[in-house]
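Participant: Please see the structure below; I have some questions.
The values are calculated or read from the model by the stated rules, or taken from the named source; none is laboratory data. For clarity, every value in this text was computed on a predicted model and none was experimentally measured. Methodologically, a virtual Cβ is constructed for each residue, glycine included, from the backbone with ideal geometry; neighbour enumeration extends over all protein chains shown.
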């Protein structure tokens, strides 16, 4: 059987996106999390921050440290993180379990403060972020590896990035925003032929968007 580019087949015949490779944790993330629509504000905040920490690194590096990040950043409760001060920054810079990058740590605290403002304005982070779900007209007819670069350059991630930056968020460029949208289910970028694509499309059909 000839697979489309970007897919891989297991010995048992299971076909999925190739990017998780054979790492069990990465495959579980692909199968059980990536692309599932998310409404929980803490998870949305966590992901946009971790995407910022990923900048210059691989996602598997961040995924392996995710529980450490959660412990270090109060479970990504943005109200708690917004109150972090100099002592917390020093604590985080000394924490070998996370990525010790001062700019990204300070950015996370800043973004928590901005997240509180978003919640005040829109009622929830979910209500804000889901406003940027791209319309069907911006989505490819078939999701293939070749179509993903076109999707990343589409309007939605650029608009989200621009709006977040206008509101004072940092480490939220268009590439980061598109990776966030993929992971949190604002788009379904499991490739055609992946075991996750069709079930996820069914879930998205019944998913009630936050308002």
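Participant: Identify the residue in the stretch 85-107 that is crowded, with 20+ Cβ neighbours inside 10 Å and free of Cβ contacts under 8 Å to residues at least 60 places away in the same chain and, among all such residues, is nearest to residue 129 (Cα to Cα).
Facilitator: Checking each candidate, the answer is 105.
Participant: From the list 126, 112, which residue is farther than 15 Å from residue 51 by Cα, touching a helix residue (DSSP H, G or I) at 6+ places or on another chain (Cβ under 8 Å), touching a residue at least 60 places away in the same chain (Cβ under 8 Å) and assigned to a helix (DSSP H, G or I)? Let's see the steps before the verdict.
Facilitator: Numbers: 112 fails: farther than 15 Å from residue 51 by Cα.
The unique qualifying residue is 126.
Participant: When you scan the stretch 68-84, do you find a residue that is crowded, with 19+ Cβ neighbours inside 10 Å and part of a loop (DSSP other than H, G, I, E, B), even just one?
Facilitator: Initially, the stretch 68-84 is screened for residues crowded, with 19+ Cβ neighbours inside 10 Å, giving 69, 72-73, 76, 78, 81, 84.
In the following step, the residues that additionally are part of a loop (DSSP other than H, G, I, E, B) were identified as 73, 84.
Yes, the stretch 68-84 has at least one match.
Participant: Okay, moving on. Restricting the search to the stretch 132-162, which residues are in contact with a helix residue (DSSP H, G or I) (Cβ under 8 Å, 6 or more places away or on another chain) and in a helix (DSSP H, G or I)?
Facilitator: 132, 138, 151, 152, 155, 156, 157, 158, 159, 160, 161
Participant: Return the residues of the stretch 10-41 that are free of Cβ contacts under 8 Å to residues at least 40 places away in the same chain and either more than 23 Å from residue 58 (Cβ to Cβ) or assigned to a helix (DSSP H, G or I) (or both); say none if nothing qualifies. Give the derivation first.
Facilitator: At the first step, the residues of the stretch 10-41 found to be free of Cβ contacts under 8 Å to residues at least 40 places away in the same chain are 10-13, 18-29, 32.
Selection gives 11, 12, 13, 24, 25, 26, 27, 28, 29, 32.
Participant: Which one is surrounded by the most Cβ atoms within 10 Å (Cβ to Cβ) among residues in the stretch 33-58 that are at pLDDT 95 or above and over 24 Å from residue 79 (Cα atoms)?
Facilitator: 35
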